[in-house]
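Note sheet for the following structure.
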Amino acid sequence: MPPPPQQVQQKPPEKSGDQGYRIRRDVDLVVLHATVLDDKGDFVSDLKLDNFRVYEDKVEQKLSLFKREDIPVTMGLVIDNSGSMRTKRSRVNAAALTFVKTSNSQDEVFVVNFNDEYYLDLDKDFTNDQKELREALDRVDSRGSTAFYDALIGSLDHLKKGTRDKKVLLVITDGEDNASRKTFEYTVQAAQQSDAVIYAVGLFADDDKKEARHATRVLKSLTEATGGLAYFPKEVSEVEAICTKMAHDIRNQYLLAYYPTNTRRDGSFRSVQVQVIPPRGRSKLFVRTRTGYYAQRESGAQ
């Protein structure tokens, strides 16, 4: 079974060179990253604490922490390196670098290439050096099958080594998993337990519509469960603009945190729902965040 999620506890602001505040690890506090959009699809960045309602298993929770700041993240670029990606990689690499450039300059980033295996393509765990990232992305040996689930689980595990409070994965793939040892169900559970937000770009061909439909459902399920987004462009030339949109999404999120009223540490899944009450005179607003989390399990419990 995947490891229990790492959760965080409120800590007073700490001024530093790269962050306006830090939040301290705690097994009890549940942290949500929420994106709010208006009916035109524009980010809404002027909401207050009173505009939010948070429910866990349909029981309203009291927020203990509320912020909207562009904070640095620990980020993984998880790029499909299977044989079918050979002609797309130059565009994909440029898009991935655009994603990093458009993000916070203090992000820490790693690159994972995957085909029938997955591998970390940096000489160190993390970097924000553009030259190092470009070199890692350019180590292309496009071949073999697609072990997407295994690569994602390995990347979620590597995120834990990061020092930033917020964790993000960007996945770019053009095929359905056909080589992993782990299952889709296991992968979704691992993602929900990680507290990571997953974004995905699916570059699926039209020649196998059945495979494309299944792969689309997989990416939508993973991203929606974690509060991220999945995009399915028709052309690889669209990926760079999509990566810019995703980077802006990450930089315009609210941080909401609460101590759950259900204090049992039983390892169970808890569903989470966030509602936004529009300020007077505003149209309906739409919020996106993860759909739930796994409670901490008491030490020694089965």
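No lab work stands behind these numbers, since they all come straight from the coordinates. Everything quoted here is computed from the prediction, not taken from an experiment. Methodologically, a virtual Cβ is constructed for each residue, glycine included, from the backbone with ideal geometry; neighbour enumeration extends over all protein chains shown.
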Query - Dipole moment magnitude, nearest 20 debye, the chain about Cα centre, only Lys, Arg, Asp, Glu C-beta charged - result: 920
Query - Distant alpha-carbon pairs in the range 131-208 (separation over 14 angstrom), percent - result: 69
Requested in this report: Could you state the angle between the C-alpha long axis of helix 184-194 and the longest principal axis of the C-alpha atoms of the chain, as a value from 0 to 90 degrees rounded to the nearest 10?
Outcome: 50
Query raised in the report: For helix 209-226, what angle does its Cα long axis make with the longest principal axis of the chain, in degrees from 0 to 90 and rounded to 10?
Result: 30
Query raised in the report: Dividing the alpha-carbon radius of gyration of the range 73-251 by 2.2 N^0.38 Å (N being the number of residues), what value is obtained?
Result: 0.92
Report summary line: Calc'd 3J(HN,Hα), the range 164-181, phi into Karplus 6.51 cos²θ - 1.76 cosθ + 1.60 (θ = phi - 60°), Hz, glycine/Pro = x, comes to 7, 6, 9, 10, 9, 10, 10, 10, 10, 8, 10, x, 6, 4, 9, 9, 6, 7
Query - Across Lys209/Lys284; Lys166/Lys210; Lys160/Lys245; Lys62/Lys182; Lys48/Lys124; Lys48/Lys182, pairs whose alpha-carbon gap is larger than 30 Å - result: Lys209/Lys284; Lys166/Lys210; Lys62/Lys182; Lys48/Lys124; Lys48/Lys182
Report summary line: Ordering 29-35, 232-238, 275-281 by per-residue average of other C-beta atoms within 10 angstrom, highest first, gives 29-35, 232-238, 275-281
Requested in this report: Treat every Asp and Glu Cβ in the range 73-251 as -1 and every Lys and Arg Cβ as +1, leave all other atoms uncharged, and give the resulting dipole magnitude about the Cα centre to the nearest 20 debye.
Outcome: 300
Query raised in the report: Quick one: length gained pulling Arg270 to Ala205 fully straight, 0.36 nm per residue minus the C-alpha distance?
Result: 19.7 nm
Query raised in the report: Quick one: if you take sqrt(5λ) for each eigenvalue of the C-alpha gyration tensor of the chain, what semi-axes come out, biggest first, whole angstrom?
Result: 31, 21, 20
Report summary line: Amide H proximity to Asn113 below 5 Å, modelled H, separation 5+ or other chain, gives Ile79, Tyr119, Asp121
Report task. Tell me which residues come under 5 Å, amide H to amide H, from Gly144 once H is placed; ignore anything under 5 positions away on its chain. Result -> Gly83
